[in-house]
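The values are calculated or read from the model by the stated rules, or taken from the named source; none is laboratory data. Quantities reported herein were computed from a predicted structural model and do not represent experimental measurements. Virtual Cβ from ideal backbone geometry, glycine too; neighbours counted across all protein chains shown. What goes into the accessible areas is simple: the full protein's heavy atoms, side chains included, and nothing from ligands, DNA or RNA. Shrake-Rupley method; radii C 1.70, N 1.55, O 1.52, S 1.80 Å.
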Amino acid sequence: MKKIIIKYIANTITDQELETLRLWLKKENNQETFDQYIKASYDIDTVMNKPDLDTAYKKIRHSIDTEKKSKFRILPVWSRYAAAAVVVFMFSYIYVFDNKEQPAEVLNTFVTTVESGVDKATLTLDDGSNIILEAGTVYNNKTVASNGEEIIYKKEQETIINLEDKVEANKTESKIAYNYLTTPRGGEFQITLADGTQVWLNSETKLKYPTVFKKGESRQIELVYGEAYFDVSSSKNHHGATFKVISNLQEVEVFGTEFNIKAYKDEASVYTTLAEGKVAVSNFAFKENLKVGQQSVIDKSTGKINVKTVNIYNETAWRLGAFSFKNKTLKEIMKVLSRWYDIDIVFENKELETIKFNGVLNKKMTLEETLNSIKRSSNLNYLVNDTKIILK
């Protein structure tokens with residue numbers, strides 16, 4: 001019966017299964033279990049803008065009472081991204097169907113006060129000076145402006161007014177100024193480069209880029225470390241100039257496309273996921289051309305490039321306000337959460353590291369809400385030592 005209800009939520013139920021579900025619901029104790037599961041399943045509401053759960057629940061129950069011989073449809077989607085996430089089982093489903101008693105909530109001042117990450121970054125100018133960018137902070141100079149949530153570089157000036165200006169421009173053109181944008185743990189930020197390319201930086205990420213791009217030359221930037229999503233301005237808008245992203249062990253060349261690179265210092269591989277268009281991933285020995293939905297994985301120890309097909313949403317949901325985990329180990333999940341909440345997480349019980357989960361978490365949830373969501377599905381216990389989370 002558990003599988004039938006799951007298929008119902010995922011919109012894959014058959015007529016025969018629907019009738020079985022209807023008969024099963026005639027028993028009062030089954031009604032309660034079903035009610036719990038629908039509400040647990042719709043924890044997806046926390047991924048985006050929290051719909052009216054009661055209204056959603058009434059609609060789904062009404063549909064099962066009124067429809068006879070047709071497949072069920074999922075409820076109206078409250079965001080275009082929730083549709084992709086709804087088929088992923090929420091962390092709470094094991095708790096509902098295993099009938100395990102939920103462990104007492106761990107109340108701790110540190111856990112209850114840790115909020116999610118926010119828009120913040122440090123802009124390092126060519127002269128070495130640092131500018132702190134965060135919500136409510138406005139910054140402007142001749143080439144760049146920030147409202148505290150994103151930073152925008154002014155487009156290159158291509159019009160030459162007179163001969164003297166042209167001579168002066170040629171003098172300064174040889175020296176390109178480079179800036180760095182760095183997000184700390186617990187931070188994220190967005191930047192629009194001088195060519196119109198948009199880049200989203202995840203937590204603990206550093207990007208190096210020129211303040212302007214030379215006309216007719218390949219546009220090149222560097223992801224020093226971390227994770228970033230790129231929406232590249234087409235080469236058609238820049239006289240055919242390609243766009244390159246240099247990162248640890250690889251070079252990604254594009255003409256105008258969208259892709260994600262994850263190149264954290266503490267991970268064993270570098271991941272590049274193509275969302276739109278085409279890219280070429282290469283290093284000193286290998287080269288691979290990616291298609292949409294493919295991900296290249298470079299092993300840092302060997303340099304070899306492996307290509308696999310992935311779910312784009314799962315790999316890029318962080319940019320859309322959610323974390324989507326598909327068959328991820330608890331160790332991998334906790335590494336993501338430690339960066340986002342700027343905390344240290346330690347496994348006292350090493351066996352927990354390899355437990356795998358599927359689920360979606362709203363990035364705006366507090367640390368306590370996030371830990372409790374995971375705890376419901378695994379009987380996971382934790383304690384707090386100063387500012388360190390210890391998983392038992």
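List of remarks:
- Filter pass, Lys262 being of a type outside the set (S, T, N, Q), part of a strand (DSSP E or B), in contact with a Gly (Cβ under 9 Å, 6 or more places away or on another chain) and more than 30 Å from Ser233 (Cβ to Cβ): no
- Of all the numbered requirements in (1) farther than 20 Å from Thr273 by Cα; (2) out of contact with any Phe, Trp or Tyr (no Cβ under 7 Å at 6 or more places or on another chain), Lys300 misses one, and that requirement is (1).
- Here Glu222 meets the list (1) more than 28 Å from Gly117 (Cα to Cα); (2) open to solvent by 50 Å² or more (accessible area, probe 1.4 Å) almost entirely, failing just condition (1).
- Restricting the stretch 223-243 to residues that are under 20 Å from Ile152 (Cβ atoms) and not small (Gly, Ala, Ser), the residue that is nearest to the chain's Cα centre (by Cα): Tyr229
- Subset tally (residues that are open to solvent by less than 50 Å² (accessible area, probe 1.4 Å), more than 16 Å from Thr302 (Cα to Cα) and of a type in the set (Asp, Glu)) for the stretch 243-272: 1
- Hey, Ile246 closer than 22 Å to Leu125 by Cα and either under 17 Å from the mean Cα position of the chain (by Cα) or modelled with pLDDT of 95 or more (or both) or not: yes
- Within the stretch 194-216, the set of residues being open to solvent by 40 Å² or more (accessible area, probe 1.4 Å) and under 26 Å from the mean Cα position of the chain (by Cα) comprises Gln198, Trp200, Glu204, Lys206, Lys208.
- When the criteria are applied in full, Lys208 meets the requirement of being among the basic types (Lys, Arg), out of contact with any helix residue (DSSP H, G or I) (no Cβ under 6 Å at 6 or more places or on another chain) and over 15 Å from Gln295 (Cα atoms).
- The residue that is surrounded by the most Cβ atoms within 10 Å (Cβ to Cβ), among those in the stretch 345-362 that are within 23 Å of the chain's Cα centre (by Cα) and not in a strand (DSSP E or B), is Ile355.
- Among residues of the stretch 297-311 that are under 13 Å from Phe286 (Cβ atoms) and part of a strand (DSSP E or B), those with a Cβ under 8 angstrom from a residue that is charged (D, E, K, R) and open to solvent by less than 80 Å² (accessible area, probe 1.4 Å), sequence gap 6+ or separate chain, pair up as Ile305/Glu288; Asn306/Asp299; Val307/Glu288.
- Qualifying residue in the stretch 277-289 (condition: open to solvent by 30 Å² or more (accessible area, probe 1.4 Å), without any contact (Cβ under 8 Å) to a residue 24 or more places away in the chain, touching a Lys or Arg at 6+ places or on another chain (Cβ under 7 Å) and hydrophobic (A, V, I, L, M, F, W, C)): yes
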